[in-house]
Structures are given as C-alpha cells and as structure tokens.
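Computed from the coordinates by the stated procedures, all read-outs in this text should not be read as laboratory data. Values in this document were obtained by computation on a predicted structure and should not be read as measured data. Glycine gets a Cβ as well: all are built from the backbone with ideal geometry, and neighbour counts include every protein chain shown.
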Amino acid sequence: MGFVSSRAWGLVAVWVLAAAVGCAGSDPEAPGRVLVVGLDGASLRVIEPMLKAGRLPNLERLAREGVMGPLRSAMPMASPRIWNTIATGKGPWKHGVTDFAKPGPDGKPRLLLSSDRQTHAIWNILSERGFDVSIVNLWNTYPPEKVHGVMVSDHLLSREVEGRETFSGAAETPTGPLIHPEALAPLLMATLRDAEPLVDFANPFESDVAIAPNAPRKVMAKRFDEDLALARLTVEIDREIRPDFTMLLLPGIDRISHHLWAGMEPPEAYPPYMRMTDAQRLGSRAVVEAYYEFSDALLGKLFALYGPDDLVVVLSDHGFEAGVALISLTGIHEGQGALDGVFFARGPGIPAGGRLPKGSLRVVDITPTLLAWLGLPVARDMDGQVATFLDRPSVAAIDSYDGPPIERLAHDPENANTKRIEELRALGYLE
Ligand SMILES: [Zn+2]
C-alpha cells in the first residue's frame, strides 16, 4: 500500500517517484498483491475439456495451486449488471447499474456512466485506504474516477463505445479524458504501438478457416487486438506503479462466443435455417478454442508478474448456451444454461486443488472475499459473503464503506466521440 498524496498525481515524473517510495514491499505484515482478471463470458463447458487436454497451461496451473469451479451469476445476465455486482458485492438495485443505458432528460437513451454507480466499488474502498490500484476496462468507468493509482476507462476502446451506442440506442457518447491520471495517458497509449508482440499468438480471425457463415471476421479480429491491447496496458501499468490491486476485464471471449457458439453445440441445437456445414461448425469450434488459448497466453504474461504471496483470481460473469439472437448470433446468456461463470484463485489462505461445488460461490461474494483476503472488514450493506474456502482471520464487519465522495475526471458531453477516435488513429492503434 502506498500512502502517497493524491495531489502528487499531476506530473508523471513526480508520480513515478512517489510510486517507487510508496511500495508496501518492506512491510512484513502487509498482504501480498492482488490480480483479478475478468474473462467476460468464459465458460467451464469450453475450459474443462481444454484443461484435460493440456491446452490451457496457465489456468491449469492456477487450478492446481488453488481452487476452481463455477461462479453463480444472477439473471438477467447483462454484463454491466453482473460486473458491477462483482465489483461492489451488491445486487443491481443497490449498485444502480441495472442496464446499459437509461433515458436522459430529453427522453433519448443515455449510456450509464461511472456516476450512475450508487455505491463504492472495491477500487474506491481500497483507494481510500491508500492501496495503489490499477483498474482497466471495467464496466461504467467513464468518466474515470480519481482512484489512488490508475483507471483506464471502458470507453478507451472506441469500437466498444460504438457497439454500446448501437446496442443501447444511445444518442450520444460523451467524451473527455479516458485515463486517470491524465498525465500518464501518452505513455500508456504509446505502448500500444510497440512492435514487439506481448504474446506469440496468431490472430485466429486472420486465417481462412471456415466458420459460421454470418460471423463478422473483421469485427472479431479487432476483439483479439483489443484484448491484446488491454493486457499490454495492464502490464505497462504494473511496470510503472507496481499496484497493490489490479483488476482487468477482457471482453473478447464473450463477443466471439456470441457469433461462434454453434461450434460448441450439436447441430440439432439450432433450427434448420441456422444449421452450418460440418466444416463451418468444426472451424467455429476450433476458433473459439484458439481464442481461449490466446486468453490463457495473456493470463500467463500477467501471472508472471505475481509471486507466491500474492492472490491471483480469474473469473467470468456468466457462461454461454445455445440460442438464436438477431440473425446470426448462436450463443446467448439468458437462461439456466449460462448461469454459471468460472472462478479460479490461488494464493495464501486458499487450498491447493480445491474444487467449488455448484452454487457455492456467487458473484456477490467476490468483493467480500477479496476484502477478507486483504484483512479488511466486509460491510453489512453488501449482499455477499466471504467464500467458505478462504482461510483468513475474520475481521469484525462494518456498516458500510459508502460515504466519502468519489471524484471523477471532467468530461464534455458536447465533444463528439469522433475526436477520441481520431486521437487513437493518430497513435496508429485504430485503422
Ligand atoms: Zn455477451
């Protein structure tokens, strides 16, 4: 935990120096560092057979050294609802992010912003206690909050924003700074131009393998690049400030699974008009599995930054199931078949080789469990509980962590999103 004045964050030079002296490494009582990686939509139906086949070596090691199993989601499984539940320990009616958008004063839909979150997320709680945090691409982190550390907004990847506009019918996307502290943005964005690849893995959508006929290859290829960029940013932030608590959300698995899930199901799972050739079905499956292998390789790069005293967690907000949406989507997460996401964790206080019974760990339990691991109390206004597998001394609960106001960077709703896209283009990141 660094106890660095937030006033120091204005200048990169001051900030890097402050981070160097603020490190908790010299305190033997301090808990280790924490890494939480969200793989949106990751499913045990894909992971379990791949683990057995030895195709996900980093998740396999995590499972061997710690616990793994299903993580029970909650309906309806819209990603912002669930990720905000994971990050707050509270259900949607308490945290306030019940959907993608809500009607604005003019009646037109408006994307839900960070200011729509009605309660403290774990990064606010930790920031207020002097932990250095690194928060990358979590839902509703626009405008970025002035955390004690770094916050990369989920609006950074502009395609994502465009997708949300289309999805939610929102009329406008406000823009402004997308990274806190703003002074760090040029350095972080510059790392995205690195010629050296973070992982040695070919983009599976740039091959000509047969896949589901309506699946948008170019859009999915972009998802691959985006996950790669988000992982790279996270590694770079780690290098800069060595955060006590890192939380990263990689959206790619969810997005490609919507298009290619038919590859994971028997042909009879779909109506005749949705059926594919065997080659298309097998190709779709091969590409989904390749994407999981790619995600595992990214995890390996992140895990390498953490030692045995640290806590490493990988989780997803829901799974996937067969279903038809729009004209070409063959994977959905609406019913019982998708209700379980995944959970992996290893670190002190977590039994090696532990397996979670179905339904034993819920999305509301994640924040209480992370707090308990860090030796902090759970709040009585949270809906979740500390995971039963965690062996940590119990700390008396407190009523609530809410109270101190959350400061955010300013944003200009008048400023068109195109400006941000132009900036990203100028950095060579967007086509
Ligand atoms: Zn989804």
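Being crowded, with 19+ Cβ neighbours inside 10 Å, more than 14 Å from the chain's Cα centre (by Cα) and over 25 Å from residue 74 (Cβ atoms) is a condition met by at least one residue of region 264-279.
If you go through region 120-138 one residue at a time, do you hit one that is in contact (Cβ under 8 Å) with a residue 24 or more places away in the chain, within 16 Å of the ligand (Cβ to nearest atom) and either surrounded by 18 or more Cβ atoms within 10 Å (Cβ to Cβ) or not polar (S, T, N, Q) (or both)? Scanning region 120-138, I find at least one residue that is in contact (Cβ under 8 Å) with a residue 24 or more places away in the chain, within 16 Å of the ligand (Cβ to nearest atom) and either surrounded by 18 or more Cβ atoms within 10 Å (Cβ to Cβ) or not polar (S, T, N, Q) (or both), so the answer is yes.
The number of residues in region 355-376 that are outside any loop (DSSP other than H, G, I, E, B), more than 16 Å from the ligand (Cβ to nearest atom) and surrounded by 15 or more Cβ atoms within 10 Å (Cβ to Cβ) comes to 11. Yes or no: region 227-245 includes at least one residue that is within 16 Å of the ligand (Cβ to nearest atom) and not in a loop (DSSP other than H, G, I, E, B). For region 227-245, residues within 16 Å of the ligand (Cβ to nearest atom) and not in a loop (DSSP other than H, G, I, E, B): present. Among the residues of region 277-319, which ones are farther than 21 Å from residue 366 by Cα and of a type in the set (Phe, Trp, Tyr)? Residues satisfying the conditions are 291, 292, 294. Just for strands (runs of 3 or more DSSP E) wholly inside region 272-351: which have at least 3 residues that are within 16 Å of the ligand (Cβ to nearest atom)? In region 272-351, 321-325, 329-332, 340-346 are the strands (runs of 3 or more DSSP E) which contain 3 or more residues that are within 16 Å of the ligand (Cβ to nearest atom). The residue that is nearest to the ligand (Cβ to nearest atom), among those in region 53-86 that are among the aliphatic types (A, V, I, L, M) and in a helix (DSSP H, G or I), is 82.
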